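The values are calculated or read from the model by the stated rules, or taken from the named source; none is laboratory data. As the structure is a computational prediction, the values presented were derived from the model and not from experiment. Every residue, glycine as well, gets a Cβ built from its backbone with ideal geometry; the counts of neighbours run over all protein chains shown. Side chains included, ligands, DNA and RNA excluded: accessible areas come from the protein's heavy atoms. Shrake-Rupley method; radii C 1.70, N 1.55, O 1.52, S 1.80 Å.
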Amino acid sequence: MMAALAICLVSCGDGSMIVHPTSKKISGPLGKYFEVVDRDYNIVDNELSVEFKRITEGSPKGEYNFINVDLLDENGNVIESLEKMDVDNLLAIDVNETAYIKYNVPNAKRAVKIKFSSKSESLSIAVDGDNVLPETDSETEDKSIEVILPSALKGSVEVVKDAYYVKENSYGFPEITITFKLLKTVNTKSLVSEYNQMWIVGEGQDAKGRVVKELMPNYNEWRTDDSDGKEFKAFLEDEPGSTISMTFTGNNEGVDSETMQKVEKFRLKLTK
């Protein structure tokens, strides 16, 4: 019964897929003016229609504005990235009004979550032959977070190249999902406790390496759902080339877009 219900959550009998935003926030310049309406969305006949809400007046400086969507699997891995430039219907609405953008989704298989980013481009005076090239506006993208590995893992593990941001999850907590790649198998004997357990945890820091205290739990670390301390350990002992995505969750007392944007570094450490 429960297994059948779980299947229905992501795939309905009419062939549609159900996905849910990882956060209402849109990273990049359009996130100052719009947010995603937080609810389930159906992908039907390879089409995803998403509702956006204007949260403040104004618009980016660029003539060309894009809202992009990443389709994610249950582990947070990107399945498909889609770009949409036609957002004029959003720019025309008033504060607290909503409008929809439709995305053509050629590959929705295994998608359960969606996350959004944006950019704004202006025409450059630079000319390439007879073509005027678009120039990225200074507001184009939020600066992605620097992920700092524990010294014990350097040379054995790398962070998969991606743009990492702290986002608010559906329960109102700040979280960041990071994907790791194993370069060489790690001997974990010195890293585990007497009970053969170990955990990877983190802390959100500002640009100067100071802890963003508003987002730090009272146990002083951002934790994952690897509660028994075996998931990351098994990854380290796996074959080189293996990857794993881990979601780290902080404290929700100070969670708002301004506070989350204070996090410019995410320092990882191993505990046992």
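Criterion first (touching a strand residue (DSSP E or B) at 6+ places or on another chain (Cβ under 9 Å), open to solvent by 40 Å² or more (accessible area, probe 1.4 Å) and of a type outside the set (Asp, Glu)) does Lys181 satisfy it?
Judged against the criteria, Lys181 is a match.
Restricting attention to strands (runs of 3 or more DSSP E) lying wholly within segment 23-72, give those where 1 or more residues are open to solvent by 50 Å² or more (accessible area, probe 1.4 Å) and more than 14 Å from Lys102 (Cβ to Cβ).
Filter on segment 23-72 gives 47-54, 64-72.
If we scan segment 124-137, do we find a residue that is at pLDDT below 75, of a type in the set (Ser, Thr, Tyr) and over 16 Å from Ser27 (Cβ atoms)?
yes
Restricting the search to segment 104-118, which residues are at pLDDT 90 or above and more than 12 Å from Phe34 (Cα to Cα)?
Correct list: Val112, Lys113, Ile114, Lys115.
When the residues of segment 189-235 are filtered to those that are touching a helix residue (DSSP H, G or I) at 6+ places or on another chain (Cβ under 6 Å) and at pLDDT 95 or above, which remaining residue is surrounded by the most Cβ atoms within 10 Å (Cβ to Cβ)?
Among those residues, the one meeting the criterion is Ile200.
Select from segment 141-161 the residues that are assigned to a loop (DSSP other than H, G, I, E, B) and free of Cβ contacts under 8 Å to residues at least 24 places away in the same chain and write down the one among them that is surrounded by the most Cβ atoms within 10 Å (Cβ to Cβ).
Ranking the candidates gives Ser144 first.
Among Val263, Val255, which is the only one that is in a loop (DSSP other than H, G, I, E, B) and within 18 Å of Ser170 (Cα to Cα)?
So the residue among Val263, Val255 that is in a loop (DSSP other than H, G, I, E, B) and within 18 Å of Ser170 (Cα to Cα) is Val255.
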